[in-house]
Every structure is written in structure tokens, then in C-alpha cells.
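Every read-out reported here was derived from the displayed coordinates using simple, explicitly stated rules and does not represent laboratory data. As the structure is a computational prediction, the values presented were derived from the model and not from experiment. We place every Cβ from the backbone using ideal geometry, glycine too, and count neighbours over all the protein chains shown.
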Amino acid sequence: MPACWRLLCLLVVLGCARPALADTLYTYDGCTDARGGAIASVADPGLPLVAASAIVDGKVHVRYNPAVLPRLLPESRLFLYAHECARHTLGLPDTGTLTPEQARRADCAAVATLRRSHLLDAPDALAALQVDLVFSPQEWGAIPGPQRTFDLASCDVAKGTGSGQLGLPSPDAPRSDRWNACVQSCAARSFSCEQQSGRNAARCTSAYDQCSAHCTP
């Protein structure tokens with residue numbers, strides 16, 4: 001098995017086809033470090049960060065709290081978790097604040113991971129992710145890594161900035177799973193649109209309809 005990490009996100013829809021973020025459950029299935037060793041993933045409702053690495057009983061864990069910063073898009077939450085896993089894949093320090101250069105490498109590895117998992121296939125997906133990753137001084141206290149400006153578009157994914165893979169439906173997965181993941185992504189962007197647009201829900205609904213129309217059942 002190559003030295004890579006894997007991450008599993010289960011998107012469970014409760015109710016309608018356009019779920020609110022509160023109706024979506026996220027679980028992550030851990031990582032492997034640069035040597036192929038397993039790193040546990042632990043949901044921690046007391047964690048004040050979206051995701052963070054910790055050493056527990058001599059073992060590295062990646063912990064996450066899905067309740068922190070509920071305004072985040074699902075792709076943004078996955079990106080920040082992928083950033084924490086990437087620090088171990090890339091052989092960066094297990095805990096503590098990374099340098100700006102180290103954080104940049106982990107960010108680009110996280111982008112590469114989301115691309116391989118087809119979470120950034122939509123034309124505006126990367127731009128939407130970058131817009132969502134703008135944080136106030138107060139919000140930065142919940143974000144892993146040093147305060148920085150994310151420049152995701154300039155990441156050279158072709159150079160192989162990371163070898164992780166999100167455990168979401170691949171092109172070979174059953175069609176129903178691919179459709180569900182596609183619709184979830186459209187719904188997430190629609191939710192963000194409604195949060196930003198206030199009462200202009202009609203525009204957000206139209207954008208959702210156009211996005212989901214491209215999802216293959």
C-alpha cells in the first residue's frame with residue numbers, strides 16, 4: 001500500500017433533496033502518515049477548532065468538531081480536515097502551528113485531495129471554496145494553521161502536492177452514490193448562497209436547479 005492517507009466523509013441526508021447544513025452528518029475515517037502508519041480520526045464536541053492534530057497516549061490523532069463555524073460549506077470543512085491529514089502525509093510537525101510555507105504545502109495537498117475526489121469538478125467550485133475560506137480575526141481561532149490568505153488557484157496540483165484520497169464516490173462507484181454526492185455539493189452551495197443573499201432565495205434556487213440538473217442518476 002503506497003504511503004498515502006485516506007479520509008471518509010459520509011453525507012447522510014435527512015428529509016428533502018435540498019438539506020440544510022444542520023441535517024448533514026459528517027464522519028471521517030482517519031489518515032495514514034508518510035510511513036503508512038494509521039492515524040485515528042476522532043469526533044470531539046469539545047474541540048474549539050474545526051480540526052486539529054493531537055498526541056494522545058503517544059499516538060497522533062486528528063480530531064474534528066462539526067459544530068464549530070456552522071456557516072462553512074461542506075467542502076470547506078473537508079478541506080480543513082484534509083489540511084490536517086496532509087501535515088502527516090507530508091512529514092510536517094505532528095502538532096503545533098505550522099510555518100507559512102508548511103501551511104501552504106498542506107493547503108495545496110488538501111486541494112489535490114479534493115480534486116481527486118471530484119469535489120471540485122464544478123467550474124466555480126474552487127472559487128466558492130476560496131471565498132468561503134475568508135475568516136474574521138475571531139474565526140481564525142477555530143482554524144488550523146497560521147493566519148494566512150488562501151491562494152488555492154495557484155497550487156500546482158500536477159506536481160503531486162499530496163497523495164490522499166477522500167473516500168467519496170469515485171467514477172466507478174454506483175450511480176446512485178455519485179448522484180447523491182453531486183446533489184449534496186449543489187445543496188451546500190445553495191445553502192451558502194441563501195446565507196449570503198438574504199431574501200433573494202429565488203436566485204439561489206435557480207442556481208441549485210442548474211447545478212443539480214448536471215448530476216447523473
Inset, instruction - Using per-residue counts of other Cβ atoms within 10 Å, averaged over each peptide, order 88-99, 132-143, 73-84 from highest down. - result: 73-84, 88-99, 132-143
Inset, instruction - Rank by packing, highest mean first: peptides 64-71, 108-115, with packing defined as the count of other Cβ atoms within 10 Å averaged across residues. - result: 108-115, 64-71
Inset, instruction - Between Gln138 and Lys59, with labels modelled 7 Å along Cα→Cβ, what's the label distance in nm to one decimal, could you check? - result: 3.8
Legend entry - Global geometry of region 75-127, whether rounded, prolate or oblate, following the gyration tensor of its Cα atoms and the 1.5 cut on a/c: prolate
Inset, instruction - Of the DSSP beta bridges with both residues in region 20-158, give the percent that are antiparallel, rounding to the nearest 5. - result: 65
